[in-house]
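Contents: one structure, followed by commentary.
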Amino acid sequence: MKTRDLIIEVSEEVTNLLLEKNAAYGDSALNPVGIFSKGDAVTSLCARIDDKLMRIKSKGITDATEDTVQDLIGYLILLKIALREE
């Protein structure tokens, strides 16, 4: 498979994951409920990104943590959207 096709395939996987999670969690990444945490979307997303990076730092990148990499990509996309909306 060519790199171009792999980029499209992986991008679609991340897009589908983001859309599924957005529907399941009620757009909470960009519109946080603020029950316990009072941070805005950017602050909340940065905290989630830090958590994912810490998991990678402590566990490494393996088959068991591949979902963490995908989550990280998704959170970075959401952060870009949140920054654009500020």
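Output needed: percent of Cα pairs per 5 Å distance bin for the chain, bins running from 0 to the one holding the longest distance.
Taking all Cα pairs of the chain, the binned fractions are 3, 14, 20, 23, 21, 12, 5, 2, 1, 0 percent.
Please arrange Met1, Met54 by accessible surface area, largest first, computed with a 1.4 Å probe and ligands excluded. Present the calculation step by step, with values, prior to reporting the outcome.
On the way: Met1 160, Met54 110 Å².
If we order Met1, Met54 from most to least accessible, we get Met1, Met54.
Just in the stretch 11-86: which trypsin sites (Lys or Arg not before Pro) are loop by DSSP and have at most 13 other Cβ atoms within 10 Å?
Values: sites: Lys21, Lys38, Arg48, Lys52, Arg55, Lys57, Lys59, Lys80, Arg84; in loops: Lys38.
Sites meeting the loop and neighbour criteria: Lys38.
What does the charge add up to near Ala47, with Lys and Arg as +1, Asp and Glu as -1, over the other residues with Cβ less than 14 Å from its Cβ?
Numbers: positive: Lys38, Arg48, Lys52, Arg55; negative: Asp40, Asp50, Asp51, Asp71.
With Lys, Arg at +1 and Asp, Glu at -1, the net is 0.
Could you please report the charge total around Glu12, scoring K, R as +1 and D, E as -1 over all other residues with beta-carbon less than 14 angstrom from its beta-carbon? If you can, show how the numbers build up before the last one.
Working: positive: Arg4; negative: Asp5, Glu9, Glu13, Glu20.
Once positives and negatives cancel, what remains is -3.
Between Phe36 and Asp51, what is the label-to-label distance in nm when each label sits 7 Å out along the Cα-to-Cβ direction?
So the label points at Phe36 and Asp51 sit 0.8 nm apart.
For Lys52, go through the lysines and keep the ones whose alpha-carbon is under 28 Å away, minus same-chain ones fewer than eight residues off.
Of all the lysines, those that pass the test against Lys52 - Cα under 28 Å, at least 8 places apart if same chain - are Lys21, Lys38, Lys80.
Can you give the angle from 0 to 90° between the axis of helix 41-59 and the longest principal axis of the chain, with both taken from C-alpha atoms, to the nearest 10?
50 degrees
Mind putting a number on the dipole of the chain about its Cα centre? Charges go on the C-beta only, +1 for Lys and Arg and -1 for Asp and Glu, and I need it in Debye to the nearest 20. Intermediate values should be presented prior to the final figure.
Details: 11 positive and 15 negative charges, 61 e Å.
So the magnitude is around 300 debye.
The values are calculated or read from the model by the stated rules, or taken from the named source; none is laboratory data. Note that the structure is a prediction, hence the values are computed from the model and not measured. Cβ atoms come from the backbone with ideal geometry, glycine included; neighbour counts cover every protein chain shown. To get the accessible areas, we keep the full protein, side chains included, count just its heavy atoms, and leave off ligands, DNA and RNA. Shrake-Rupley method; radii C 1.70, N 1.55, O 1.52, S 1.80 Å.
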